[in-house]
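The structure appears right after this line, and notes come after that.
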């Protein structure tokens, strides 16, 4: 059970015409290329907010420890539901569903205190799970302890599966268990390797080559003056280890300035193909044509909070713990947000 990638060509025929031909490309698993299951685990954790979008974005709270009877990854959605991942670097067998059901039986009974203990071990931080969860999903009110782990979702990830495994997943789904199988594959094209992940629903991602909108962090947590510099010089900036995040933009993309704890406070359009750099501040930036006022003080801010965004965008959520608040916005949704924000600043729509 895997989708295929094909090379598409037009083959010359003996009669002088050309025929459309598809050539299936070989695909590989982590096992085929010598990667360990832990490599796949670390990859999914690092890019979970981009790869996995079924039912909303997720916050990883724990990873499997060696020689322990634990799922490979545990995560929470914005409602506090627990998602358990079991990963196989190669083909997935039918008994994997039973393995994951055992984990669900054990961890599905965990209280908030149990999950909080796991999260603190994982994060090596004194921040409580409630505080971290509120920050990641930018909730106006933190989730109460009793809301955590009311429902569990089970996810199996592997390169391919056998009929027994698919039959087992279908059986348990029919019995009311929230379980799914998500395949991945690796392609070798030239000297490069390409990773493909089939997260559901399949159509939620905006094509990066299309005009899009990105919620971008203003760096408030580390430098409260950074946002005023961005507005003053009509730019969007990233700093330190996050400097390459500005390369996600293309000319013509919308940028939405996201101020932690406040929301979207401004918007603009990337107006150049160039990426600029200021090594004295460990800064990279893109030039922006502002579509909202050039702010210079907190008292002038009008904003769209995380709850406002959910209402305007039909309950869509974002992963707020990163510089880029994925997922991307379509051009239509971007223009909608721009005009709602302009209205708050008493400006005419565009």
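Quick notes
- Taken over the stretch 138-157, the criterion of being closer than 14 Å to residue 106 by Cα and within 18 Å of the chain's Cα centre (by Cα) is satisfied by 153 alone.
- Candidates 244, 217, 253 - the one that is within 19 Å of the chain's Cα centre (by Cα) and farther than 26 Å from residue 341 by Cα: 244
- Which listed residue is surrounded by fewer than 20 Cβ atoms within 10 Å (Cβ to Cβ) and either closer than 22 Å to residue 261 by Cβ or at pLDDT 95 or above (or both), from 119, 112, 67: 112
- Listed by position, the strands (runs of 3 or more DSSP E) contained in the stretch 245-288 that have at least 2 residues being closer than 19 Å to residue 332 by Cβ and modelled with pLDDT of 95 or more are 254-259, 263-270.
- The criterion of at least 1 residues that are farther than 30 Å from residue 215 by Cβ, over 12 Å from the mean Cα position of the chain (by Cα) and outside the structural domain of residue 163 (by TED's automatic domain parsing) is met by the following strands (runs of 3 or more DSSP E) wholly inside the stretch 1-65: 6-12, 18-24.
- Condition check for residue 327: crowded, with 16+ Cβ neighbours inside 10 Å and either modelled with pLDDT of 95 or more or under 11 Å from residue 266 (Cβ atoms) (or both): no
- Residue list for the stretch 238-271, restricted to those being within 20 Å of residue 297 (Cα to Cα) and out of contact with any strand residue (DSSP E or B) (no Cβ under 6 Å at 6 or more places or on another chain): 260, 261, 262
- Evaluating residue 338 against the criteria (1) crowded, with 21+ Cβ neighbours inside 10 Å; (2) over 13 Å from residue 255 (Cα atoms) leaves one unmet condition, (2).
- Residue check for residue 260: free of Cβ contacts under 8 Å to residues at least 40 places away in the same chain and under 22 Å from residue 58 (Cα atoms): no
- When residues in the stretch 35-47 are screened for being under 15 Å from residue 86 (Cα atoms) and either touching a strand residue (DSSP E or B) at 6+ places or on another chain (Cβ under 6 Å) or surrounded by fewer than 19 Cβ atoms within 10 Å (Cβ to Cβ) (or both), 9 of them pass.
- The stretch 294-316, residues that are in contact (Cβ under 8 Å) with a residue 60 or more places away in the chain and in contact with a helix residue (DSSP H, G or I) (Cβ under 7 Å, 6 or more places away or on another chain): 294, 295, 296
- Qualifying residue in the stretch 135-151 (condition: more than 27 Å from residue 32 (Cβ to Cβ), surrounded by 15 or more Cβ atoms within 10 Å (Cβ to Cβ), touching a strand residue (DSSP E or B) at 6+ places or on another chain (Cβ under 8 Å) and modelled with pLDDT of 95 or more): yes
- For the stretch 105-118, a residue qualifies if it is part of a loop (DSSP other than H, G, I, E, B) and touching a strand residue (DSSP E or B) at 6+ places or on another chain (Cβ under 8 Å), and the qualifying residues are 108, 110.
A quick yes/no check of all residues on (1) more than 19 Å from residue 40 (Cβ to Cβ); (2) modelled with pLDDT of 95 or more:
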residue: 167; (1), (2): yes, no
residue: 193; (1), (2): no, yes
residue: 198; (1), (2): no, no
residue: 204; (1), (2): yes, no
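The values are calculated or read from the model by the stated rules, or taken from the named source; none is laboratory data. What you are looking at is a predicted structure, and each value in this text was computed from that prediction instead of being measured. Counting neighbours? That spans all protein chains shown, and the Cβs are built from the backbone with ideal geometry, glycine included.
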